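Q: If you scroll down you'll find the structure; I have some questions about it.
The values are calculated or read from the model by the stated rules, or taken from the named source; none is laboratory data. All of these numbers come straight from a predicted model, not from anything done at the bench. A quick note on method: Cβ atoms are made from the backbone with ideal geometry, for glycine too, and the neighbour counts reach across all protein chains shown.
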């Protein structure tokens, strides 16, 4: 593994900012300190701390098609965040969540995680002028996953360290908005069996948009991505994407985003390799229409929902790529200041390029999640969640039910 690949990631790991899609093409504004950062150290430093404990029952811990194994699971977690506002132009943020997952019957699956859903990141933002802002960001996770590219893995799954470092420069000149960025991605697989998937990606992006009116921006985006696998088993690739995008405020409580274009990905012609007795050789390239679209609607002060749809190309597991169609719907409703319920539906349809024995893997997955939270006090919240997952594909079918109860406390 090349040492200069790690030095590049280390440089960007030092500072970061979270840049959401809604911020990408809007004028830089002063960011308020989140309410969760309620511990103040002096005038410019804010802390957020908390602990959590979850109990789960999983009826198919390995996502097996036959003879599923079930288990009870306990997961304690610790959250820590800090924001340091050096000046109006210079801000630093660090947020990390640590957890340990303990299985009652299958102790070999116990693992430590830096929870990927905890907003683990460093952030560094610097306002260069009234119209320009420089953002450095680094988001990382360390966790065990049972599925890679919609394919269930062998017993226990794989432990992955992933890191995404980004530097972005954005400007707003009222009628014109500009942006450029570089993103460095890293994925390391701890188990030796899956190290052929170790990957570093480099992505350069640029955009220019025209503000048709205050609530409407339309523009062009372009991106170039290079996928660099650390072994010679998977094929490296270069991808080019051009698209037209738009951000719209359709009403006071209804916003929309859309992006549509064309993507081309050219893969190296490797010799192929053998994996678990299967011959894997793929010489496929990708060229197709891609898009993302989303609607967010505030139904009332206590209710909001959103829907997103997309088509995208992703790196494959035992293939060059995976062509993915996805749709996600979210609904959140607050019955009172203390009780909130949420609902999520997720559907994915996918097809890979040639995989084992020159076969493509195609199928669909579906998940349904229903959750609720109840605030006992200002700092203690009870949570509950039920999740159902179903998958049907050429290589693996499974069903999975997970019931979770927990308590979170902030200080």
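Q: Assigned to a strand (DSSP E or B), crowded, with 17+ Cβ neighbours inside 10 Å and over 27 Å from the mean Cα position of the chain (by Cα) - does that describe any residue in segment 279-286?
A: Yes, segment 279-286 has at least one match.
Q: Let me ask something else. Go through segment 80-116 and count every residue that is out of contact with any strand residue (DSSP E or B) (no Cβ under 8 Å at 6 or more places or on another chain) and either modelled with pLDDT of 80 or more or under 20 Å from residue 383 (Cβ atoms) (or both).
A: 2
Q: Additional query: Of the residues 364, 351, only one is farther than 23 Å from residue 54 by Cβ, surrounded by fewer than 16 Cβ atoms within 10 Å (Cβ to Cβ) and touching a strand residue (DSSP E or B) at 6+ places or on another chain (Cβ under 8 Å); which?
A: 364
Q: Pick from segment 117-130 the residues that are crowded, with 16+ Cβ neighbours inside 10 Å and at pLDDT 80 or above: which of them is farthest from the chain's Cα centre (by Cα)?
A: 127
Q: Given the options 274, 269, name the one that is out of contact with any helix residue (DSSP H, G or I) (no Cβ under 8 Å at 6 or more places or on another chain) and outside any strand (DSSP E or B). Lay out the reasoning, then the answer.
A: Values: 274 fails: outside any strand (DSSP E or B).
None of the others qualify; the one that does is 269.
Q: Just one of the numbered conditions (1) crowded, with 19+ Cβ neighbours inside 10 Å; (2) modelled with pLDDT under 90; (3) under 15 Å from the mean Cα position of the chain (by Cα) is not true of residue 149; which one?
A: (1)
Q: For segment 225-241, which positions are within 21 Å of residue 289 (Cα to Cα) and surrounded by 14 or more Cβ atoms within 10 Å (Cβ to Cβ)?
A: If the condition is that a residue be within 21 Å of residue 289 (Cα to Cα) and surrounded by 14 or more Cβ atoms within 10 Å (Cβ to Cβ), then 225, 227, 237, 238, 239, 240, 241 are the ones that fit.
Q: Taking residue 326, is it closer than 11 Å to residue 150 by Cβ, in contact with a strand residue (DSSP E or B) (Cβ under 6 Å, 6 or more places away or on another chain) and without any contact (Cβ under 8 Å) to a residue 24 or more places away in the chain?
A: Values: closer than 11 Å to residue 150 by Cβ: yes; in contact with a strand residue (DSSP E or B) (Cβ under 6 Å, 6 or more places away or on another chain): yes; without any contact (Cβ under 8 Å) to a residue 24 or more places away in the chain: yes.
When the stated conditions are applied, residue 326 passes them.
Q: Could we say that residue 204 is surrounded by fewer than 18 Cβ atoms within 10 Å (Cβ to Cβ), part of a loop (DSSP other than H, G, I, E, B) and in contact with a strand residue (DSSP E or B) (Cβ under 8 Å, 6 or more places away or on another chain) here?
A: Answer is no for this residue.
Q: Checking the conditions here, which among 391, 367, 360 is farther than 28 Å from residue 333 by Cα and not in a loop (DSSP other than H, G, I, E, B)?
A: On inspection, the qualifying residue turns out to be 391.
Q: Mind listing whichever residues of segment 133-152 are assigned to a loop (DSSP other than H, G, I, E, B) and over 20 Å from residue 114 (Cβ atoms)?
A: Once the filter is applied, which keeps residues that are assigned to a loop (DSSP other than H, G, I, E, B) and over 20 Å from residue 114 (Cβ atoms), segment 133-152 yields 149, 150.
Q: In segment 387-398, how many residues are surrounded by fewer than 16 Cβ atoms within 10 Å (Cβ to Cβ) and either more than 30 Å from residue 352 (Cα to Cα) or touching a residue at least 24 places away in the same chain (Cβ under 8 Å) (or both)?
A: Just the residues of segment 387-398 that are surrounded by fewer than 16 Cβ atoms within 10 Å (Cβ to Cβ), to begin with: 388, 390, 392, 394, 397.
Then keep just the ones that are either more than 30 Å from residue 352 (Cα to Cα) or touching a residue at least 24 places away in the same chain (Cβ under 8 Å) (or both); that gives 390, 392, 394, 397.
Going through segment 387-398 one residue at a time, the tally reaches 4.
Q: Any residue at all in segment 342-350 that is over 30 Å from residue 67 (Cβ atoms), within 23 Å of the chain's Cα centre (by Cα) and in a strand (DSSP E or B)?
A: There is at least one residue in segment 342-350 that is over 30 Å from residue 67 (Cβ atoms), within 23 Å of the chain's Cα centre (by Cα) and in a strand (DSSP E or B).
Q: Looking at 338, 273 in this structure, which one is surrounded by fewer than 16 Cβ atoms within 10 Å (Cβ to Cβ), more than 30 Å from residue 220 (Cβ to Cβ) and touching a residue at least 40 places away in the same chain (Cβ under 8 Å)?
A: Details: 338 fails: touching a residue at least 40 places away in the same chain (Cβ under 8 Å).
From the options 338, 273, the qualifying one is 273.
Here's the yes/no breakdown for (1) within 25 Å of the chain's Cα centre (by Cα); (2) in contact (Cβ under 8 Å) with a residue 12 or more places away in the chain; (3) outside any strand (DSSP E or B):
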site: 49; (1), (2), (3): yes, yes, no
site: 63; (1), (2), (3): yes, yes, yes
site: 67; (1), (2), (3): no, no, yes
site: 76; (1), (2), (3): yes, yes, no
site: 82; (1), (2), (3): yes, yes, no
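Q: So which of 32, 77, 27 is modelled with pLDDT of 50 or more and either buried (at least 17 other Cβ atoms within 10 Å of the Cβ) or touching a strand residue (DSSP E or B) at 6+ places or on another chain (Cβ under 9 Å) (or both)?
A: Only one candidate passes the filter, namely 77.
Q: Inspect segment 377-386 for any residue being exposed (fewer than 15 other Cβ atoms within 10 Å of the Cβ), farther than 24 Å from residue 80 by Cα and under 23 Å from the mean Cα position of the chain (by Cα) and give the result as yes or no.
A: Yes, segment 377-386 has at least one match.
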